[in-house]
1. Please find, within the stretch B:155-170, the residue that is farthest from the chain's Cα centre (by Cα) out of those that are buried (at least 17 other Cβ atoms within 10 Å of the Cβ) and in a loop (DSSP other than H, G, I, E, B).
2. Taking the condition of being farther than 30 Å from B:Lys142 by Cα and in contact with a helix residue (DSSP H, G or I) (Cβ under 9 Å, 6 or more places away or on another chain), how many residues in the stretch B:70-108 meet it?
3. What about A:Glu35, is it within 15 Å of A:Pro91 (Cα to Cα) and of a type in the set (Asp, Glu)?
4. For the stretch B:43-154, which strands (runs of 3 or more DSSP E) that fit wholly inside it have 1 or more residues that are of a type in the set (Ser, Thr, Tyr), exposed (fewer than 13 other Cβ atoms within 10 Å of the Cβ) and more than 10 Å from chain A (Cβ to nearest Cβ)?
5. Show me the helices (runs of 4 or more DSSP H) entirely contained within the stretch A:41-123 in which 3 or more residues are modelled with pLDDT of 80 or more and over 30 Å from B:Tyr73 (Cα atoms).
6. Within the stretch A:8-21, is even one residue surrounded by fewer than 17 Cβ atoms within 10 Å (Cβ to Cβ), under 27 Å from B:Ala92 (Cα atoms) and at pLDDT 80 or above?
7. Criterion first (at pLDDT below 85, within 30 Å of A:Ser150 (Cα to Cα) and not in a loop (DSSP other than H, G, I, E, B)) does A:Glu165 satisfy it?
8. What are the residues in the stretch B:16-30 that are modelled with pLDDT under 90 and either of a type in the set (Ser, Thr, Tyr) or surrounded by fewer than 15 Cβ atoms within 10 Å (Cβ to Cβ) (or both), if any?
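The values are calculated or read from the model by the stated rules, or taken from the named source; none is laboratory data. Computed from a predicted model, the values in this text were never measured in an experiment. All Cβ positions, even for glycine, are placed from backbone atoms using ideal geometry, and neighbour counts span all protein chains on display.
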Amino acid sequence: MAYEVVLNSFQGPLDLLLHLIEKDKLDINDIPISEITSQYMQYIQKWNSINLDVASEFIMMAATLVEIKSKMLLPNQEVFEEECITEESDPRQELVERLIEYKRFKNISQFFKELESNEGKVIYKDPEYFHEIAKIKQELKIDSNLLFKSFKRILLRQDMLKNQENYHHIQSEIFTIEEKIEEVLKKIENVKQIKFSLLFHQCESNNELITIFLALLELIKMNKVLIKQQELFEDFYIINPFKI
Amino acid sequence: MDRKEQACIIEGILFAAGEPVEINSIAKIINESPKETQKILSEMKDLFDFERRGIQLKRINTEYQLATRTEHYEYIKQILIPSNTTGLSKAALETLSIIAYKQPITKVEIESIRGVKSDKSLQTLMDKSLVLIAGRLNSPGKPMLYETTKRFLKYVGVESLEKLPEFENFCNEVEYEKDHA
C-alpha cells in the first residue's frame, strides 16, 4: 500500500475514511467495516512508525471503528429474528451519516474555493477622503479589534510589516521563581511580618507579578514562611517564622 | 430631475464613495423612496451588463458598490500593486462552509461535523472578518454562536445568504444511490 498521501493532507479521521472509501469505490451504504478498519489502522500505524504526531481524533476514530466492527460480529437477537440488518440496528449507521454530512461540506468548501478565486479578480476602489468637506459626526462603532485590523492593513499596504528596521523587539523580561524566592526571603529577613500587597509594590509586569506569587506559594509549601489573614478578602501578612 | 440624471448622480456617488453605500443613503440624496431607488439601481446594473461596461454594479445585501469584472482581471492586474493574498486553507474553508449553512452554530457542533478541533480555523476566519460571534447559546456553558459576516458575502461574491445554492445541491452520488437503493 502506498502511503504517498501524507497525514497533513487529511483534514481529520473523516477525511481519511472518505479517502479509503472512494479510493476502493466502496459502497458507503454497506461499508465493509472489517476491511476499512484494517486499512485505517495501517495508515495510523505507518504514521506512528515514521514518528508523525497522530492527532487524538484519529485514535478516537480507530476506537470507534473497532467498536463498530465488534458490534457487527456480535450476534444480535433482533438481527436473528429479522434476518437482516435494519437501518436502526446497523451499528455503522451513525458513522455513515457523519461521513455523508462531512462529504457535503467538503463539496461546499470546494465550491467556496472557486467563488473565492473568482471574487479575487474583482477590484474595488478605496474611499476618498476630502478634508474640505465638513462631515457630520457619526457614531462610529469601533472596537479595538477593528482598529488593529485596520492598522495592520495599512502596514501591509506599505509593506512595513516586512521591513524589520522600522521597529525593534521589546524583550520580555525573564523572571525566575528562584530569584523571587530570594527576594521575598530578603524582604522579610529582618522583620516579623510583611503585608502581602507590599511584595508587589515595584512590579512592572504581569510576568513579574505571577512569578512573585508562585515564589510565595513555593515558600509556603516549604514552610519557610507563614501567612495570616485577619479578615476575609483583606490583605494578609507574610510571617517570618524565625521572628515569632 | 429625470431618471437618467438620477442614474448619473448615483454613478458619481458610488465612484466617489469607493466603499459600499447603503441603498437608503442613496435614496435620501436623490430624493426618492428606497423602493424606487432599488428599481433604478437594478436597471443600472442590467444596463452596465448589457452595454458590457468595464465597471459592474455589485450588490451586497442592502449595499451597492462599483467594481471591475473578473473577465478583465488579467489585464487590470498588470497595473496593480501586487498584494499578498493567498486563499483560505482547506480547514478554514470547511469551517466556513459549515458556518455558512448552519448558522448560528457553536464551535463544538462545528468540530463534531468536521471530526477535528477547529480553533485555529475559527481564529483565522475571525481575523479575516468572515465570521463573527453572534451571541451565546442558552445552554450549559453558554457556548458562543458563530455566524458569517457581510464581508463573507463579498468574499464569495454572493448577494445575500438566501442566494447561496441550496444545501441539497451538494449531496453526492453516493447519497443518490442510498435513496434509490
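1. Among residues in the stretch B:155-170 that are buried (at least 17 other Cβ atoms within 10 Å of the Cβ) and in a loop (DSSP other than H, G, I, E, B), the one farthest from the chain's Cα centre (by Cα) is B:Leu164.
2. Taking the stretch B:70-108 first, the residues farther than 30 Å from B:Lys142 by Cα are B:70-87.
So of that shortlist, the ones also in contact with a helix residue (DSSP H, G or I) (Cβ under 9 Å, 6 or more places away or on another chain) come out as B:70, B:81, B:83-84, B:87.
Counting residues in the stretch B:70-108 that are farther than 30 Å from B:Lys142 by Cα and in contact with a helix residue (DSSP H, G or I) (Cβ under 9 Å, 6 or more places away or on another chain) gives 5.
3. no
4. none
5. Of the helices (runs of 4 or more DSSP H) lying wholly inside the stretch A:41-123, those with at least 3 residues that are modelled with pLDDT of 80 or more and over 30 Å from B:Tyr73 (Cα atoms) span A:56-73, A:93-119.
6. First pass over the stretch A:8-21, keeping only residues surrounded by fewer than 17 Cβ atoms within 10 Å (Cβ to Cβ): A:8-9, A:19.
If we keep only those that are under 27 Å from B:Ala92 (Cα atoms) as well, we get A:8-9, A:19.
Filter again for at pLDDT 80 or above, leaving A:19.
Among the residues of the stretch A:8-21, at least one is surrounded by fewer than 17 Cβ atoms within 10 Å (Cβ to Cβ), under 27 Å from B:Ala92 (Cα atoms) and at pLDDT 80 or above, which makes the answer yes.
7. For A:Glu165, the condition - at pLDDT below 85, within 30 Å of A:Ser150 (Cα to Cα) and not in a loop (DSSP other than H, G, I, E, B) - is met.
8. Within the stretch B:16-30, B:Ala16, B:Glu19 qualify.
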